[in-house]
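First the structure, in the form of structure tokens, and then the observations on it.
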Amino acid sequence: MSQSDLFSSAGPRDVISRDGKAVYYREWLPVDAASAYLHTLHDSLAWEQSVISMYGKPVRIPRLNAWYGDTASRYQYSGAHFTPLPWTPALSEIKERLEADTGYRYNSVLANLYRDGNDGVAWHSDDEPELGPEPAIASVSLGQTRRFTLKHKADRETVALDLAHGDLLLMSGPLQRNWLHQLAKSKMSLGARINLTFRWVNPKS
């Protein structure tokens, strides 16, 4: 099967168009391709549980993560520092197709593994200086459907999406300056979910 046959032609839909842009691609990856990537990445990525600083104290994040990318795409947030591991074949395949479909370039990817409903990520923006003022972040979901919520920083408007297996959410423009987002924990019995957030990190001088 060719690479082009692995990807869905489902059209995009704007879900946020003010103070930034968020575009939702339902089933960007068809089920068979998404499932193959889910199993490959789950078993092959160098998962770890990073420690970040919260209110001056070290805290283990409630999920597993891994950072891959070009050599110069070093990244940091909340006191955690990430040196990229080399691209894997699977991550490179997804990156190349994202670049073709979105028109943006990506030199790195943060992979998060949410093992069950006890894992999540609190309200935040991806607004670190090395991402630039208007980063394009392509978020690919694999596995368990989870509720992803965005909230405007000024008027608190919220937009909620149930991101499913193979879905893509593209966030761009000044969205990270104006909106927060989270993946809330859940008391429901949930399976594993892998989220891949591709982005461009400006090399440090």
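The values are calculated or read from the model by the stated rules, or taken from the named source; none is laboratory data. Just so we're clear, the structure is a prediction, and the values are computed from it rather than from any experiment. Here Cβ is always computed from backbone atoms with ideal geometry, including for glycine, and neighbour counts include all displayed protein chains. Quick note on the areas: whole protein, heavy atoms, side chains included, nothing else; ligands and nucleic acids left out. Shrake-Rupley method; radii C 1.70, N 1.55, O 1.52, S 1.80 Å.
Structure data summary
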| item | result |
| --- | --- |
| Over the range 89-205 - Rg/Rh using Cα atoms and the Kirkwood inverse-distance radius | 0.96 |
| Rg(Cα)/(2.2 N^0.38 Å) for the range 15-56, N = residue count | 1.86 |
| Contact order normalised by residue count of the range 27-166, Cα under 8 Å, 6+ apart, percent | 25 percent |
| Per residue accessible area in Å² of the range 1-151, where ligands, DNA and RNA are left out and the probe is 1.4 Å | 50 Å² |
| Within the chain, helix-based [θ] at 222 nm, where runs of 4 or more DSSP H residues each add -39,500 (n - 2.57), nearest 500 | -4500 deg cm²/dmol |
| Within the accessible area of the range 82-205 (1.4 Å probe), percent carbon and sulfur | 51 percent |
| Cα coordinate range in the range 63-142, projected on the principal axes (Å, largest first) | 34, 28, 22 |
| Among 140, 109, 159, residue whose mean-square fluctuation peaks in a GNM of the chain (springs only between Cα atoms under 10 Å) | 159 |
| The range 104-159: Cα Rg divided by the 2.2 N^0.38 Å rule of thumb | 1.32 |
| Rg over Rh [alpha-carbon atoms, Kirkwood Rh] for the chain | 0.93 |
| Environment charge of residue 163, counting only residues whose C-beta is closer than 10 Å and scoring Lys/Arg +1, Asp/Glu -1 | +2 |
| Spherically averaged projected area in nm², based on the convex hull that wraps the Cα atoms of the range 160-200 | 4.0 nm² |
| Contact order normalised by residue count of the range 91-183, Cα under 8 Å, 6+ apart, percent | 33 percent |
